[in-house]
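Worksheet: the structure to be examined is printed underneath.
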Amino acid sequence: MDFPITSPVRLEDLVEYQPGSVVSRVIFRNEGGSQTLFAFAEGGGLGEHTNPNDAVILVLEGSAEVTVGGVGHVVGIGEALYLPASVPHALDGGPPFKMLLTLLKAGGA
């Protein structure tokens with residue numbers, strides 16, 4: 001499939017689980033930001049980190065346990081969560097889930 005996506009597609013079908021891994025696929029990128037699909041295998045997660053850009057996650061399959069600034073959230077299918085720039089956040093390993101991450105660069109279009 002060519003990117004950016006120019007016809008309807010189920011995003012969760014564009015990335016597959018791989019045991020013991022976190023799989024990612026960039027589907028859009030320009031000077032203002034990017035969108036990346038992720039498939040987290042069971043137990044997969046991302047330790048606490050920061051990003052200089054604002055971000056939004058949208059869960060496409062399963063559910064994610066996300067900590068933002070020390071506050072825990074469970075984000076389910078079709079739900080989104082804002083991750084402010086420079087605020088520590090983490091995705092805790094648990095059941096498999098897929099998500100879309102949208103990064104919004106400061107000063108972007």
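All of the numbers you see were taken from the coordinates with simple rules; none came from a lab. What you are looking at is a predicted structure, and each value in this text was computed from that prediction instead of being measured.
Some notes on this structure:
- Segment 1-88: relative contact order in percent, alpha carbon pairs under 8 Å with at least 6 residues between: 23 percent
- Shape category assigned to the chain from the gyration tensor of Cα positions, a/c cut at 1.5: oblate
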